[in-house]
There are 2 protein chains.
Amino acid sequence: MNADKVPDIIVGRLPIYLRALQRMAEKGMTTTSSQELGEHVGISAAQIRKDISQFGEFGKQGTGYPISFLIDKLREILKVNRLWDVAVIGAGELGHALSNFQGFTDRGFRIVMLFDNDPSKIGKSIGEFVIEDSSNMVERICNANVKIAMLTVPAAAAQATADKLVQAGVRAILNYAPISLNVPNTVRVQYIDPATHLQRMTYYL
Amino acid sequence: MNADKVPDIIVGRLPIYLRALQRMAEKGMTTTSSQELGEHVGISAAQIRKDISQFGEFGKQGTGYPISFLIDKLREILKVNRLWDVAVIGAGELGHALSNFQGFTDRGFRIVMLFDNDPSKIGKSIGEFVIEDSSNMVERICNANVKIAMLTVPAAAAQATADKLVQAGVRAILNYAPISLNVPNTVRVQYIDPATHLQRMTYYL
């Protein structure tokens, strides 16, 4: 199992499988088939078997997958069998919503700090967080050894902020600013931009 | 140019190109090359030329692409050379943030209604919207001929709500609930789930 050898498109489907399996487990289910999992996630059974077999043999022909075992394996493969500290940059409405979101911890993530450059926001509390001055961001993130950040600053500030995150040692950026980021190839970026997702659908309307 | 003939993976890159071109235009640029565009979006020049050529000849060898012309063409192809009405279902923090987000209209979308089932929220205002009772959702969406919805309800309520949206004639759902939806194949779904995006990156850490 070599991280570089598995196509990223397959890696991208694993969190979808994990999410569906966790919901099955919550419902009390103990085993599932690639057929059944496929119906849940809208991906063919053959594709699921092929994807999962990249990482080993996790099910027996005819008896399907033991759900909790497969969950453990996927969490291990995706390295979310631990809690990752996450910094949120930008305490606007979205940063606010993310900081209060309760659904991260059971999926491997814990927001630990929140930054903004607006003097009227710095020092204020959002839930359990005090908004910190982003001028201290590099030092704080570096000292706390935080490797993951969510970027919710305006587009115009996103690249400069990303540069600072890279400088601070961040290796994975979830970018909500509607702009493509240039980062070294040792840093990964994922994008969340609702307008982009909507435009991908209007094409078909 | 047949919508069914262009692979969805290519369709998915067009909004990224459009976004980058719009930022170039804002900066006063008038022409670009596939090389330059590629550096902005992190996609190879060859891939960009191949993707765009699916829809016709929009640039001349050696002189590059006229930016405003290519923007117009991409907006036409993606059908965002108009404003689409959008309904938001779920007036929690995320629905709140989306309703106040100013970045949709110049990309083809206008939020026109916002629903929740919580009696303590119904009738309250968020910006220019009054939160409506979701028990009227099907009728309201159907009568207003709204074809696009953003779903920000809890996971446990998402499938039932999606079923109602389909019943109301919605053809495109941007789903923020962390669950895969089953919808007829005449309806498209795109997913935004930050934990899924984060897990796709931790794999490489």
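Just so it is clear, none of the values below were taken in a lab; they were calculated from the coordinates. Everything quoted here is computed from the prediction, not taken from an experiment. Here the Cβ is made from the backbone with ideal geometry for all residues, glycine too, and neighbour counts use every protein chain on show.
Mind listing which trypsin sites (Lys or Arg not before Pro) in segment B:9-112 are in a DSSP loop and have 16 or fewer other Cβ atoms within 10 Å? Taking segment B:9-112 and a limit of 16 other Cβ atoms within 10 Å, the loop trypsin sites (Lys or Arg not before Pro) found are B:27, B:79, B:82.
By the gyration tensor of its Cα atoms, with a ≥ b ≥ c the square roots of the eigenvalues, what is the shape of segment B:94-173: rounded for a/c under 1.5, prolate for a/b over b/c, or oblate? Since a/c stays below 1.5, the shape of segment B:94-173 is classed as rounded. In sequence order, segment A:40-47 has phi-based couplings of 5, 9, x, 10, 5, 4, 4, 5 Hz under the Karplus curve 6.51 cos²θ - 1.76 cosθ + 1.60, θ = phi - 60°, and Gly or Pro positions carry x.
Put a plus charge on the Cβ of each Lys and Arg, a minus charge on the Cβ of each Asp and Glu, and nothing anywhere else: the dipole of segment B:19-138 about its Cα centre is then about 480 debye. Loop-located GluC sites (Glu not before Pro) across segment B:103-188 with a Cβ neighbour count of 12 or fewer within 10 Å are B:128, with loop assigned by DSSP. Think of it as helices only: each DSSP H run of n ≥ 4 in chain A is worth -39500 (n - 2.57), and spread over all residues that comes to -12500 deg cm²/dmol at 222 nm.
Add +1 for every Lys or Arg and -1 for every Asp or Glu among the other residues with Cβ under 14 Å from the Cβ of residue B:75, and state the total. Here the charged neighbours net out to +3. Each label was represented as a point 7 Å from its Cα along the Cα-to-Cβ direction; for residue B:35 and residue B:156 these points are 5.8 nm apart. Shown in residue order for segment B:169-179 are the 3J(HN,Hα) couplings computed by the Karplus curve 6.51 cos²θ - 1.76 cosθ + 1.60 at θ = phi - 60°: x, 5, 10, 9, 10, 9, 9, 8, 6, x, 7 Hz (x for Gly and Pro).
List the lysines whose Cα sits under 23 Å from the Cα of residue B:73, skipping any in the same chain fewer than 8 residues away. In chain and number order, the partners are B:5, B:27, B:50, B:60, B:147.
Below 11 angstrom from the Cβ of residue B:57, what's the summed charge of the other residues (Lys, Arg +1; Asp, Glu -1)?
Summing Lys/Arg as +1 and Asp/Glu as -1 gives +3.
Ranking A:135, A:52, A:77 by how far each Cα lies toward the positive end of the dipole of segment A:23-181 (charges on Cβ) leaves A:52 at the top. Dipole magnitude for the protein assembly as shown: about 860 debye, using +1 per Lys or Arg Cβ and -1 per Asp or Glu Cβ, origin at the Cα centre.
Amide H contacts of residue B:150: B:87, B:88, B:89, B:174, each under 5 Å away and 5 or more positions distant or on a separate chain (H built 1.01 Å from N in the peptide plane; Pro and chain starts excluded).
Here residue B:125 yields copy-to-copy label distances, from shortest upward, of 3.0 nm, the label point defined as 7 Å from Cα along Cα to C-beta. Annotation: aspartates and glutamates with alpha-carbon distance below 13 angstrom to residue B:121 (same-chain offsets under eight excluded): B:93, B:132, B:133. Assign one of three labels to segment B:36-89, namely rounded, prolate or oblate, based on the Cα gyration tensor with a ≥ b ≥ c the square roots of its eigenvalues; rounded applies when a/c is under 1.5, prolate when it is not and a/b is larger than b/c, and oblate otherwise. Prolate. Cβ crowding within 10 Å, taken as a proxy for footprinting-reagent exposure, orders A:129, B:58 from fewest neighbours to most as B:58, A:129. Net charge of the neighbourhood of residue B:33, taken over other residues with C-beta under 10 Å away and scored Lys/Arg +1, Asp/Glu -1, is -1.
Which shape class applies to the protein assembly as shown: rounded if a/c is under 1.5, otherwise prolate when a/b exceeds b/c and oblate if not, where a ≥ b ≥ c are the square roots of the Cα gyration tensor eigenvalues?
Cα axes put the protein assembly as shown in the rounded bin.
The magnitude of the dipole of chain B, with charges of +1 and -1 set on the Cβ of Lys/Arg and Asp/Glu and taken from the Cα centre, is near 540 debye.
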